Amino acid sequence: MSDVRANEAAGYDGGDTVWTEKTSWLDSVPRSVSMLFVAAVFIGVWELVTSLGLVSPIILPTPMETFRDILFVGENLISGGYMLQALWITLLEVVYGFALAIAIGFSLGVLVGETSFGEKAVMPYLVAIDTMPKVAFAPLFVAWLGFDIESKVALAAFIATFPIIVGTAAGLHAADHNARMLFKTMGASRWQTLVKLKLPTGLPQIFTGLKIGSVGVMAGAITGEFLGGGKGFGELIRVAASQLNTPRVFSLIIYLSVVGLALFMLVAWAQRRVVFWRKEQVGAATEH
Amino acid sequence: MSAAAAVTPLRGPQGEPVYELSRVGKTYARGHVTALEDVSLTLRKGGFYAVIGSSGCGKSTLLKIMAGLTPPSKGRVTLQGRPVLGPRRDIGMMFQQATLFPWRTTIQNVLLPIEIRDGPAAARKAEPRARELLETVGLKGFESVYPGQLSGGMAQRASICRMLITEPAVLLLDEPFSALDELARDFMNMELQRICMAREATAFLVTHSIAEAVILSDMVLVMKPRPGRVAELVPIDLPRPRTLDMVTTPQFGALVERIRGRLDKEAFL
């Protein structure tokens with residue numbers, strides 16, 4: 001009854017009315033167009049700032065200069081020049097560092113997450129170390145392991161290990177009470193509970209740790225090269241910066257980002273393959 | 001309806017004793033909290049028992065002790081002549097949540113108890129039986145589907161199969177369908193009755209719904225809190241198989257009323 005009165009008060013005359021949810025026109029633009037738009041605005045502002053002389057070209061090169069240098073570096077990489085060798089060295093550091101981080105991080109994560117001793121006595125220290133700026137350890141690694149690739153691998157692994165430990169340990173606690181109870185009623189051993197319940201349940205968190213680690217491993221390798229020399233890509237950047245060759249610095253960073261993105265995407269791809277059931281849920285939720 | 005009614009000899013199920021609880025009690029906090037006091041019970045083969053009571057009456061504790069998930073502080077629990085000293089394969093259990101694992105197909109979920117107890121080879125051998133079970137609950141064709149694609153009711157039916165795959169002597173049901181909507185719940189209750197009758201299974205159901213307890217069981221155990229105890233046994237002599245339209249009969253109404261009357265006095269203290 002009161003609904004009718006409310007409608008009348010609002011001027012509703014009883015006829016058919018069509019109403020739609022109000023959405024901003026920005027939201028209806030396709031994703032690819034929106035992304036291109038943002039990139040265009042960014043480059044436009046960049047061009048404006050440099051061509052108007054607001055910033056010295058030594059500090060910030062023009063987009064065109066940077067673009068030309070990207071092509072130059074690309075050519076050098078494709079033709080197998082010295083830059084490719086540098087990139088290869090950095091890649092090796094990243095791959096070794098990540099592999100090491102996964103091996104150590106996963107094992108420690110299982111130990112910490114699976115035992116109450118690890119949880120009580122080890123986890124607090126890990127969290128404490130995790131909050132430290134870990135690149136600060138870089139000079140130590142150089143002092144311990146020298147100027148070759150080992151010190152960079154160690155720093156990269158050191159940075160990437162912690163998120164993997166934390167992700168794994170947290171993942172092992174992700175199984176809910178019901179699932180644990182069910183495994184108990186089935187008479188599952190500790191090993192069976194770990195392998196058939198806790199690890200699969202924790203895979204999303206473990207992969208989150210791996211993703212964070214994949215970002216950290218790049219940062220570790222490059223920082224190691226900045227501080228410990230060597231012949232990697234980070235050294236190229238350092239040299240270019242010291243010569244105030246800013247277009248080169250920018251283009252090297254862009255290639256480095258591509259490598260970093262590729263590593264991240266590789267982990268994300270592995271996650272979609274391994275944690276396939278999550279993808280289904282996401283697909284179902286976004287279909288309509 | 002008078003107090004004398006409580007002492008009339010129990011009818012209820014007449015089969016062989018399967019589960020025997022004698023003077024089972026459970027205390028927490030070094031004996032300061034009594035969760036369960038002096039419960040003696042005999043469950044007979046083929047009987048369907050329902051426990052009802054307000055929260056804190058010890059029904060979950062009782063179920064856990066019966067399942068071998070937690071030891072009693074005193075008393076003894078025997079199932080099929082052997083004391084219950086931990087989880088056993090002749091105990092089937094089902095919880096409020098279906099708890100199917102999303103990385104396993106429906107049939108792999110059903111086979112999980114076999115895989116855990118006897119290994120993957122035994123699980124492969126039990127596959128035809130799992131298929132049969134899934135067929136009896138109307139899930140034929142869903143064997144290789146992942147649980148993410150099953151409805152709530154279908155998931156619970158799959159979890160019934162998982163409970164039945166080890167051919168347990170007794171089914172312990174902890175509010176198994178309370179997460180479902182009412183229509184699905186009624187339907188699943190009738191499924192449960194059909195399965196129990198077909199297998200002559202002994203079932204022990206914990207529920208919050210008086211109607212559910214009455215429609216399913218041969219005997220309702222009314223439990224009371226502080227300390228948790230079984231206050232009354234109410235035999236339900238409605239004919240089998242039960243149907244949903246029985247809820248409108250005066251006999252059903254009288255039973256519900258009787259149980260409600262026993263509960264009300266302490267339920268809201």
Handout entry: Average partner coverage of A:183-192, which counts Cβ from other chains inside 10 Å
Key = 6
Practice task
Would you tell me the mean number of C-beta atoms belonging to other protein chains that fall within 10 Å of each C-beta in B:96-107, as a whole number?
Solution key: 4
Exercise for the section: Would you mind checking the tilt of helix B:127-136 against the longest principal axis of the Cα atoms of chain B, expressed as 0 to 90 degrees and rounded to 10? Expected result: 60
Practice task
Return the whole-Å distance between the Cα centroid of segment A:95-155 and the Cα centroid of segment B:100-131.
Solution key: 39
Handout entry: Expected 222 nm ellipticity per residue - DSSP helices of 4 or more, -39500 (n - 2.57), all of chain A, to 500
Key = -24500 deg cm²/dmol
Handout entry: Part-to-part distance (alpha-carbon centres) for segment A:47-84 and segment B:174-203, which is given in Å
Key = 71
Handout entry: Whole-Å semi-axes of the ellipsoid equivalent to chain A (Cα gyration tensor, √5λ, descending)
Key = 42, 38, 16
Practice task
With an 8 Å cut-off on Cα pairs and a minimum separation of 6 or more residues, tell me the relative contact order of chain B in percent.
Solution key: 26
Handout entry: DSSP-defined beta bridges in chain B - what % are antiparallel, rounded to 5
Key = 55
Exercise for the section: Note down the relative contact order for chain A as a percent, whole number, built from C-alpha pairs under 8 angstrom at least six residues apart. Expected result: 22
Practice task
Could you state the angle between the C-alpha long axis of helix B:250-267 and the longest principal axis of the C-alpha atoms of chain B, as a value from 0 to 90 degrees rounded to the nearest 10?
Solution key: 70
Fill in the blank from the handout: Neighbour-count ranking for B:CYS161, B:CYS196 (other C-beta within 10 angstrom, fewest to most) reads B:CYS196, B:CYS161
Practice task
Only helical DSSP H runs with n ≥ 4 go in: add -39500 (n - 2.57) per run for chain B, normalise by residue count and round the 222 nm mean residue ellipticity to 500 deg cm²/dmol.
Solution key: -11000 deg cm²/dmol
Handout entry: C-alpha long axis of helix B:182-199 to longest principal axis of chain B, angle in °
Key = 80
Problem - Modelled label reach - B:ALA254, point 7 Å along Cα→Cβ, segment B:208-233 residues with backbone N closer than 20 Å - result: B:210-222, B:232-233
Completion exercise
Cα-based Rg/(2.2 N^0.38 Å) for segment A:17-133, rounded to two decimals, is 1.86
Handout entry: Pairs of Lys in segment A:70-276 closer than 17 Å at Cα, counting only those 8 or more apart or on different chains
Key = 4
Fill in the blank from the handout: Expressed as a whole number, the average count of other chain Cβ atoms within 10 Å around the Cβ atoms of B:80-90 is 1
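Any read-out appearing in this document is the output of simple, stated calculations on the displayed coordinates, not a laboratory observation. For clarity, every value in this text was computed on a predicted model and none was experimentally measured. All Cβ positions, glycine included, derive from the backbone under ideal geometry; neighbour counts span all protein chains shown.
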